[in-house]
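Read the structure below first, then the notes.
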Amino acid sequence: MKKRRSEKQSERFDQLSLGLFGEPAEIGFAEAEELLRCAGTDPDQLKARLYERLYDEAQLYRRARKPLPALVKRALDDLRPLTAPPRTEKDLARQAKRLVERVLEQVNRLPSLVEGKPSLVFAEAYRQKRELSARDKKLLDRVTDDLRRRIEDHKKDS
Amino acid sequence: MQKPESPDFEELAVRLGGCAARIFAEFGLGGPRATVAGVGLSIEDFVWRVLAEYAEGKLEYEDSRGKLFSLLATVLRNDIIDALRKAAHAREEGQTQVSRAGDSETGSSRLGEFPSSAAEIYISLEEDQYRERVRAAFADEPELGEVVKAVLDLDLSKPQEIAEALGISTLEYQNRKKRLRRRLVEYNLAKGNRKGARNEETPL
């Protein structure tokens with residue numbers, strides 16, 4: 001009886017939440033970073049702490065001489081902090097790309113750059129680079145989309 | 001056979017973090033040190049639990065179940081609401097025991113049953129209070145307040161219906177939802193900071 005009541009209550013919260021704030025999937029990477037900052041949490045620090053916890057978890061597998069699950073290994077690679085010394089060329093490329101993203105984010109925060117100016121055109125020359133993987137291109141596309149959306153938002157607000 | 005979706009854990013971690021910040025704010029929790037009272041779990045703890053369970057294969061995922069992120073976000077939301085519910089039950093039981101102890105021969109209360117810290121805020125899981133919190137957060141935002149009224153007063157939940165009721169396009173409604181999310185988190189951060197400042201000023 002109690003369980004049914006709590007299930008009903010959860011459904012009701014979900015319904016209200018959906019109407020007011022939308023589906024969780026509507027929160028993209030850039031907006032999620034923004035929400036975390038608004039909540040007083042630095043996204044990079046969050047990732048670094050998750051990496052540390054994952055690293056400790058991986059040590060437990062190693063100590064028990066158990067094979068590390070493929071997804072844990074993948075997660076360690078993906079969450080490896082940008083400040084850590086690069087181990088491979090892939091690490092180096094990821095760090096460089098993230099730095100570029102940060103510069104773009106900072107540029108985007110300078111409203112004077114876009115106020116009253118004509119629409120910015122993104123060259124997207126990186127699309128021609130053969131050495132970039134599909135994942136890298138996806139990442140750069142995401143940065144471009146985010147930048148474009150923020151500029152549009154800023155124009156609407158001002 | 002469909003190839004399983006390839007996860008990007010950096011993206012999953014950040015997006016789940018953003019979702020957790022929103023869910024915390026929906027239930028009135030704000031500030032970088034916000035935790036669910038009683039269980040002491042933070043945004044980071046909830047994100048960690050979901051990511052670790054998925055990475056270690058405890059949370060199975062098949063493409064037929066929809067997008068990976070949506071699945072993990074649902075698990076995250078359920079975990080947070082369950083934790084809030086458990087905390088509320090524990091508190092209710094604690095209070096019952098305190099009042100029983102208060103009626104005992106000694107007449108003294110069992111202090112151990114009180115929340116461990118005065119800074120702990122227990123969240124009520126009543127719908128009325130959810131509505132009250134949402135209304136308070138958007139009281140000074142007329143445009144966003146319109147969406148709140150459509151959902152809470154007219155009981156609408158479908159995007160098309162809400163947009164029609166407000167006389168706006170669905171794109172504008174999407175835009176307002178984004179502003180609602182951001183404003184809600186900002187409002188709760190400010191509220192959390194005010195509470196934190198009060199607790200620091202008041203000696204226990």
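Every read-out reported here was derived from the displayed coordinates using simple, explicitly stated rules and does not represent laboratory data. It should be emphasised that the depicted structure is a prediction, and the values quoted were computed from it without experimental measurement. For neighbour counting, all protein chains shown are included, and Cβ atoms are generated from backbone atoms with ideal geometry for every residue, glycine included.
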Quiz item: With r defined as the distance between the Cβ atoms of residue B:128 and residue A:26 and R0 fixed at 41 Å, what FRET efficiency is calculated, to the nearest 0.05?
Solution: 0.95
Self-check item: Exposure proxy order (Cβ contacts within 10 Å, fewest to most) of B:169, A:6
Solution: B:169, A:6
Exercise. Sticking with the crude label model, points 7 Å out along Cα→Cβ, report the distance from residue A:73 to residue A:155 in nm, one decimal please.
Key: 4.7
Quiz item: Where the centre of each part is set by its Cα atoms, how far does region B:125-194 sit from region B:16-66, in angstrom?
Solution: 22
Exercise. Please arrange A:26, A:31 by counting, for each residue, the other beta carbons lying within 10 Å of its beta carbon, fewest first.
Key: A:26, A:31
